[in-house]
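Colleague: Pasting in a structure now, in structure tokens, and then I'll have a few things to ask.
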Amino acid sequence: QLQAFGGGLVQAGGSLRLSCAASGGTFSSWDMGWFRQVPGKEREFVASIAWMGGTTVYADSVKGRFTISRDNAKNTVTLQMNSLKPEDTAVYYCAARPRESTTWDYWGQGTQVTVSS
């Protein structure tokens, strides 16, 4: 089970920190990712971090502004979002991809991020 929290309303240029807590599985063997979705559009990839924590991948739209990290001891993954833009407004989801899988098999419930201009 994944539970995301930390969303909210922030002005453009501000920061938010999203967290995702995992339970009921082997967190340390999962790649973790963040995705986002706005109404009427497909869910899009934001960032991911490998199960070992050494490899991170970012969407071009967030590179240099967002940072993903994980704490395997606490079963949490965090997305630090800086220099937020109105186009970052979306529902953000955390997801888990088990090491033996090629798909994101587990999803959290989503948390709303709204960036005002």
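Colleague: Of Val62, Val115, which residue is crowded, with 19+ Cβ neighbours inside 10 Å, in contact with a Lys or Arg (Cβ under 8 Å, 6 or more places away or on another chain) and in contact (Cβ under 8 Å) with a residue 12 or more places away in the chain? Before the answer, list the steps.
Modeller: Numbers: Val62 fails: in contact with a Lys or Arg (Cβ under 8 Å, 6 or more places away or on another chain).
Step by step, each of Val62, Val115 is checked, and only Val115 is crowded, with 19+ Cβ neighbours inside 10 Å, in contact with a Lys or Arg (Cβ under 8 Å, 6 or more places away or on another chain) and in contact (Cβ under 8 Å) with a residue 12 or more places away in the chain.
Colleague: Restricting attention to the range 21-36, does a residue exist that is assigned to a loop (DSSP other than H, G, I, E, B) and farther than 19 Å from Glu100 by Cα? Spell out the reasoning first.
Modeller: Restricting attention to the range 21-36, the residues satisfying the condition of being assigned to a loop (DSSP other than H, G, I, E, B) are 23-26.
Cutting the leftovers down to farther than 19 Å from Glu100 by Cα gives us none.
No, the range 21-36 has no match at all.
Colleague: Assigned to a loop (DSSP other than H, G, I, E, B), among the small types (Gly, Ala, Ser) and at pLDDT 95 or above, is that true of Ser69?
Modeller: So Ser69 does not fit the description; no.
Colleague: Could you please find all residues in the range 74-106 being in a loop (DSSP other than H, G, I, E, B), surrounded by 16 or more Cβ atoms within 10 Å (Cβ to Cβ) and at pLDDT 95 or above? Show your work before the answer.
Modeller: Initial filter on the range 74-106 (in a loop (DSSP other than H, G, I, E, B)): 74-75, 82-85, 89, 99-105.
Right, trim to surrounded by 16 or more Cβ atoms within 10 Å (Cβ to Cβ) and you get 75, 84, 89, 104.
Result: Leu84, Thr89, Trp104.
Colleague: For Ser15, work out the one condition from (1) in contact with a strand residue (DSSP E or B) (Cβ under 8 Å, 6 or more places away or on another chain); (2) without any contact (Cβ under 8 Å) to a residue 40 or more places away in the chain; (3) exposed (fewer than 14 other Cβ atoms within 10 Å of the Cβ) it doesn't fulfil.
Modeller: (2)
Colleague: Which one of these does Glu44 not meet: (1) under 22 Å from Tyr106 (Cβ atoms); (2) open to solvent by less than 20 Å² (accessible area, probe 1.4 Å); (3) under 14 Å from the mean Cα position of the chain (by Cα)?
Modeller: All conditions pass for Glu44, except number (2).
Colleague: Would you mind stating whether Asn75 is under 17 Å from Gln11 (Cα atoms), over 13 Å from the mean Cα position of the chain (by Cα) and not aliphatic (A, V, I, L, M)?
Modeller: Values: under 17 Å from Gln11 (Cα atoms): no; over 13 Å from the mean Cα position of the chain (by Cα): yes; not aliphatic (A, V, I, L, M): yes.
The answer is no for Asn75.
Colleague: Which of the residues belonging to the range 47-59 are crowded, with 19+ Cβ neighbours inside 10 Å and part of a strand (DSSP E or B)? Spell out how you get there, then give the answer.
Modeller: Keep residues of the range 47-59 that are crowded, with 19+ Cβ neighbours inside 10 Å, which gives 47-49, 51.
The answer is Ala47, Ser48, Ile49.
Colleague: State which residue is most open to solvent (accessible area, probe 1.4 Å) when the search covers only the range 1-12 and only residues that are within 15 Å of Val115 (Cβ to Cβ) and assigned to a loop (DSSP other than H, G, I, E, B). Show your work before the answer.
Modeller: Residues of the range 1-12 that are within 15 Å of Val115 (Cβ to Cβ), as a first pass: 6-12.
Add one more test, that the residue is assigned to a loop (DSSP other than H, G, I, E, B), and what stays is 6-7, 12.
Details: Gly6: 33, Gly7: 34, Ala12: 53 Å².
Result: Ala12.
The values are calculated or read from the model by the stated rules, or taken from the named source; none is laboratory data. What you see is a predicted model, and the numbers here were worked out from it, not measured in a lab. Counting neighbours? That spans all protein chains shown, and the Cβs are built from the backbone with ideal geometry, glycine included. What goes into the accessible areas is simple: the full protein's heavy atoms, side chains included, and nothing from ligands, DNA or RNA. Shrake-Rupley method; radii C 1.70, N 1.55, O 1.52, S 1.80 Å.
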